[in-house]
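Okay, so here's the structure we're looking at.
The values are calculated or read from the model by the stated rules, or taken from the named source; none is laboratory data. Quick caveat, the model's predicted, so the values are computed rather than measured. Quick reminder, even Gly has a Cβ in these numbers, built from the backbone with ideal geometry, and neighbours come from all protein chains shown.
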Amino acid sequence: MTCSSKKVVFEIRDNKLQMELIPERLRGETASFDIEANGKVYVEKGRRITARHIRQLEKDDIKHIEVPVEYIAGKVAAKDYIDEATGELICPANMELSLDLLAKLSQSGHKRIETLFTNDLDHGPYISETVRVDPTNDRLSALVEIYRMMRPGEPPTREAAESLFENLFFSEDRYDLSAVGRMKFNRSLLRDEIEGSGILSKDDIIEVMKKLIDIRNGKGEVDDIDHLGNRRIRSVGEMAENQFRVGLVRVERAVKERLSLGDLDTLMPQDMINAKPISAAVKEFFGSSQLSQFMDQNNPLSEITHKRRISALGPGGLTRERAGFEVRDVHPTHYGRVCPIETPEGPNIGLINSLSVYAQTNEYGFLETPYRKVTNGVVTDEIHYLSAIEEGNYVIAQANSNLDENGHFVEDLVTCRSKGESSLFSRDQVDYMDVSTQQVVSVGASLIPFLEHDDANRALMGANMQRQAVPTLRADKPLVGTGMERAVAVDSGVTAVAKRGGTVQYVDASRIVIKVNEDEMYPGEAGIDIYNLTKYTRSNQNTCINQMPCVSLGEPIERGDVLADGPSTDLGELALGQNMRVAFMPWNGYNFEDSILVSERVVQEDRFTTIHIQELACVSRDTKLGPEEITADIPNVGEAALSKLDESGIVYIGAEVTGGDILVGKVTPKGETQLTPEEKLLRAIFGEKASDVKDSSLRVPNGVSGTVIDVQVFTRDGVEKDKRALEIEEMQLKQAKKRPV
């Protein structure tokens with residue numbers, strides 16, 4: 001058995017031991033004896049063997065050197081040595097040689113001894129030592145040993161051991177390397193092809209062993225776990241697919257059980273297959289997964305940021321308690337892929353990030369960022385998206401590098417990035433150039449003007465706090481912007497955007513009708529686009545979503561034009577705040593430290609007035625003591641408290657209410673209890689009614705005041721609708737009839 005292709009050959013000549021000399025193998029070692037030949041000492045004992053010594057040995061063409069007999073002791077035999085006269089095995093392969101063993105080999109006529117070449121620098125004896133201590137000698141004993149490790153306590157059988165080992169890596173039903181796994185595997189082993197089988201082959205395992213031994217020997221590099229070439233995005237679709245697969249496995253198990261139990265002659269396909277486990281698994285994922293979240297609808301920016309968020313938490317991810325500093329830190333490969341600024345300040349810092357402005361994922365889930373191709377020193381408009389793996393092979397210039405009118409770099413030396421380091425390169429060496437100075441940061445950070453002058457910590461706070469801005473009564477687009485305002489307003493979906501060009505034919509507060517240009521019409525269609533606007537709808541954060549037209553009748557429209565502004569948008573641009581005149585000066589101590597003094601005109605003009613829409617619900621149930629009743633006849637309540645209710649006991653639309661006002665009158669039956677003297681008096685005066693029911697009306701929460709803008713009544717099937725429910729239905733029908741077609 002040969003454990004390594006590299007061997008050291010010793011020969012016994014004239015009772016002296018000689019070693020075949022390959023000078024390069026001695027580099028860096030310390031001589032344990034005088035290296036001499038032809039009466040000349042090349043390296044003295046105890047001296048380090050340098051490149052100069054090796055050059056001298058090669059120059060003098062030294063092929064063999066005499067070594068002391070003790071030098072061979074401890075070396076490992078590269079093959080079996082047998083006494084040819086008796087057939088006795090003197091020294092098996094991979095056995096350490098001793099002086100006694102050397103004498104036996106010499107006596108049996110072996111004059112040439114091959115040993116494995118190992119050293120402490122770049123040829124460690126790892127396989128040799130592993131094989132020596134491994135108790136298994138054949139395949140079956142190895143399988144049994146693996147079975148005992150994987151299933152301790154279970155008695156191993158040949159079939160069970162073979163089945164377990166086969167299912168570990170070689171069964172398509174139990175093991176899948178996946179397309180991205182095979183790509184990374186082949187790249188790591190420096191193979192040319194990136195596609196292949198989803199299971200492992202013997203060649204794969206041997207290549208992995210070679211790679212691990214090379215790393216132990218100091219060759220190659222250990223992977224950086226935080227490099228974005230080793231971290232991929234698991235999209236919503238992929239996670240939903242995994243849950244769907246879990247459901248399918250449950251269905252498969254149920255079908256197999258039913259087939260084993262039932263009579264196959266009478267069974268129909270619909271009797272065997274029950275789709276409930278699939279729908280339950282998918283519903284569970286979207287309903288209760290840690291990553292399935294209520295959308296942040298505070299303003300358009302918070303909405304778009306929430307959709308572009310990347311989390312290292314969740315199922316199959318990290319936990320904030322166990323995540324260390326390295327995984328949270330900014331990595332050079334984040335450049336143009338993950339924003340180094342926008343991340344939460346609390347325990348989730350660095351674990352929840354935002355996509356950079358132009359980043360996208362490739363087919364394998366790795367983040368890519370765009371670069372302009374540089375050909376023969378000329379910057380072209382050709383855009384290439386590069387992943388973190390590919391980017392390491394190129395030299396990339398910054399977006400603000402000076403170019404002349406022909407696209408050539410002005411300076412001879414250009415500041416560039418290569419392999420994560422920044423340095424100066426000649427302009428001929430540049431392969432790519434950044435597309436924009438904004439490509440490093442996220443959407444939130446790109447909205448901060450003069451971001452480059454800000455302290456990193458304050459920029460982080462600013463990017464996060466923009467998402468907390470509540471839409472004001474009248475949006476006011478910023479005087480100083482960064483150019484991203486329109487992109488955020490349009491891409492967030494809060495504005496109404498023209499799908500096709502044309503002319504505004506009709507416009508009111510709730511709808512816009514566009515007569516489409518003839519060249520953009522489809523054959524046989526009417527050529528009319530209708531945009532119904534969202535009016536006074538509650539967001540998830542109780543803010544007001546209201547779209548207002550910003551076009552007028554007869555106005556020509558191009559495709560992509562903004563037709564109606566949404567919350568926090570002004571003429572199609574994001575407008576999170578107000579343009580205020582600010583004085584940085586003290587005023588009698590009223591604005592000490594972080595206090596702010598606001599003029600009365602700001603309040604009178606409603607510059608920072610915001611609208612919040614709160615949804616309050618009241619349910620009428622059947623109780624053990626009888627049904628609850630929605631009514632205006634509420635015990636122990638004065639006329640003033642009932643003045644805003646209609647005959648059905650429901651508040652009318654447009655009523656101005658404050659904390660404690662009744663919105664829906666409701667009474668609940670109550671059981672017989674011991675009556676107090678006051679209740680006895682009430683019963684004597686008013687009869688039974690006063691004691692039968694208690695007031696359980698829906699009231700306005702304390703501290704809340706506003707105007708009722710809508711009332712909806714939902715009635716269960718089979719229950720008679722009350723007067724108010726019928727009125728609401730009639731009103732909705734009238735509105736539908738009024739609308740122009």
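I want to confirm something. Restricting to region 359-386 and keeping residues that are among the aromatic types (Phe, Trp, Tyr) and buried (at least 19 other Cβ atoms within 10 Å of the Cβ), which single residue is nearest to Leu403 (Cα to Cα)? Can you show your working first?
Looking only at region 359-386, we keep the residues that are among the aromatic types (Phe, Trp, Tyr), and these are 364, 366, 371, 385.
Within this subset, residues satisfying the condition of being buried (at least 19 other Cβ atoms within 10 Å of the Cβ) are 366, 371.
On the way: Phe366: 31, Tyr371: 16 Å.
Residue satisfying both the conditions and the ranking: Tyr371.
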If a residue has to be under 27 Å from Pro300 (Cα atoms), loosely packed, with under 15 Cβ neighbours inside 10 Å and acidic (Asp, Glu) to count, how many in region 516-557 make the cut? 1
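From the list Leu200, Leu168, Leu228, Leu164, which residue is touching a strand residue (DSSP E or B) at 6+ places or on another chain (Cβ under 8 Å) and either at pLDDT below 85 or among the aliphatic types (A, V, I, L, M) (or both)? Working first, answer last.
Numbers: Leu200 fails: touching a strand residue (DSSP E or B) at 6+ places or on another chain (Cβ under 8 Å); Leu168 fails: touching a strand residue (DSSP E or B) at 6+ places or on another chain (Cβ under 8 Å); Leu164 fails: touching a strand residue (DSSP E or B) at 6+ places or on another chain (Cβ under 8 Å).
Of the residues listed, the single one that is touching a strand residue (DSSP E or B) at 6+ places or on another chain (Cβ under 8 Å) and either at pLDDT below 85 or among the aliphatic types (A, V, I, L, M) (or both) is Leu228.
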Go through region 405-418 residue by residue and tally those that are surrounded by fewer than 11 Cβ atoms within 10 Å (Cβ to Cβ) and either touching a residue at least 12 places away in the same chain (Cβ under 8 Å) or closer than 30 Å to Asp226 by Cα (or both). 2
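For region 304-319, enumerate the residues that are over 13 Å from the mean Cα position of the chain (by Cα) and loosely packed, with under 15 Cβ neighbours inside 10 Å.
Applying the first criterion (over 13 Å from the mean Cα position of the chain (by Cα)) to region 304-319 yields 304-305, 319.
Answer for region 304-319, where residues must be over 13 Å from the mean Cα position of the chain (by Cα) and loosely packed, with under 15 Cβ neighbours inside 10 Å: just Thr319.
Looking at region 19-50, which of its residues are β-branched (Val, Ile, Thr), outside any loop (DSSP other than H, G, I, E, B) and in contact with an Asp or Glu (Cβ under 9 Å, 6 or more places away or on another chain)?
Restricting attention to region 19-50, the residues satisfying the condition of being β-branched (Val, Ile, Thr) are 22, 30, 35, 41, 43, 49-50.
Pick out the ones that are also outside any loop (DSSP other than H, G, I, E, B) and you get 30, 35, 41, 43.
Ile35, Val41, Val43 - these are the residues of region 19-50 that are β-branched (Val, Ile, Thr), outside any loop (DSSP other than H, G, I, E, B) and in contact with an Asp or Glu (Cβ under 9 Å, 6 or more places away or on another chain).
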Among the listed residues Gly671, Gly638, identify the single one that is more than 23 Å from Met731 (Cβ to Cβ) and without any contact (Cβ under 8 Å) to a residue 12 or more places away in the chain. Gly638
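Kindly indicate whether Leu200 is in contact with a helix residue (DSSP H, G or I) (Cβ under 8 Å, 6 or more places away or on another chain) and in contact (Cβ under 8 Å) with a residue 60 or more places away in the chain. Let's see the steps before the verdict.
Details: in contact with a helix residue (DSSP H, G or I) (Cβ under 8 Å, 6 or more places away or on another chain): yes; in contact (Cβ under 8 Å) with a residue 60 or more places away in the chain: no.
Spelling it out, it is not the case that Leu200 is in contact with a helix residue (DSSP H, G or I) (Cβ under 8 Å, 6 or more places away or on another chain) and in contact (Cβ under 8 Å) with a residue 60 or more places away in the chain.
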Tally, over region 211-222, of residues that are surrounded by 12 or more Cβ atoms within 10 Å (Cβ to Cβ) and out of contact with any Phe, Trp or Tyr (no Cβ under 9 Å at 6 or more places or on another chain): 4
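Sort out which residues of region 81-102 are within 60 Å of the chain's Cα centre (by Cα) and either on the phi > 0 side of the Ramachandran plot or at pLDDT 85 or above (or both), and write them in order of number.
Pass one, region 81-102, residues within 60 Å of the chain's Cα centre (by Cα): 81, 91-98.
Within region 81-102, Asn94 is the sole residue that qualifies.
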Subset of region 711-722 (residues that are within 17 Å of Leu663 (Cα to Cα) and surrounded by 12 or more Cβ atoms within 10 Å (Cβ to Cβ)): Val711, Val713, Asp722
Those residues of region 515-569 which are among the aliphatic types (A, V, I, L, M), without any contact (Cβ under 8 Å) to a residue 60 or more places away in the chain and closer than 30 Å to Arg467 by Cα, in sequence order: Leu533, Met548, Val551
When you go through (1) within 23 Å of Arg245 (Cα to Cα); (2) buried (at least 19 other Cβ atoms within 10 Å of the Cβ) one by one for Ser279, which number turns out not to apply? (2)
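Residues that are surrounded by 11 or more Cβ atoms within 10 Å (Cβ to Cβ), out of contact with any Pro (no Cβ under 8 Å at 6 or more places or on another chain) and modelled with pLDDT of 85 or more: which helices (runs of 4 or more DSSP H) entirely in region 596-697 hold 1 or more of them? Let's see the steps before the verdict.
Working: elements: 600-604, 677-686, 689-692.
Where helices (runs of 4 or more DSSP H) fall fully within region 596-697 and carry at least 1 residues being surrounded by 11 or more Cβ atoms within 10 Å (Cβ to Cβ), out of contact with any Pro (no Cβ under 8 Å at 6 or more places or on another chain) and modelled with pLDDT of 85 or more, they are 600-604.
Mind checking which residues of region 287-307 are free of Cβ contacts under 8 Å to residues at least 40 places away in the same chain and not small (Gly, Ala, Ser)? Quick ask: steps written out before the conclusion?
Going through region 287-307, the residues free of Cβ contacts under 8 Å to residues at least 40 places away in the same chain turn out to be 287-288, 290, 292-293, 306-307.
Scanning region 287-307 gives Gln290, Gln293, His306, Lys307.
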Give the residue that is nearest to Ser128 (Cα to Cα), with candidates limited to residues of region 49-59 that are surrounded by 12 or more Cβ atoms within 10 Å (Cβ to Cβ) and out of contact with any helix residue (DSSP H, G or I) (no Cβ under 6 Å at 6 or more places or on another chain). Thr50
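Among helices (runs of 4 or more DSSP H) lying entirely in region 88-203, which contain 3 or more residues that are of a type in the set (Asp, Glu)?
Values: elements: 99-107, 126-133, 139-150, 158-169, 179-188.
It comes to 158-169.
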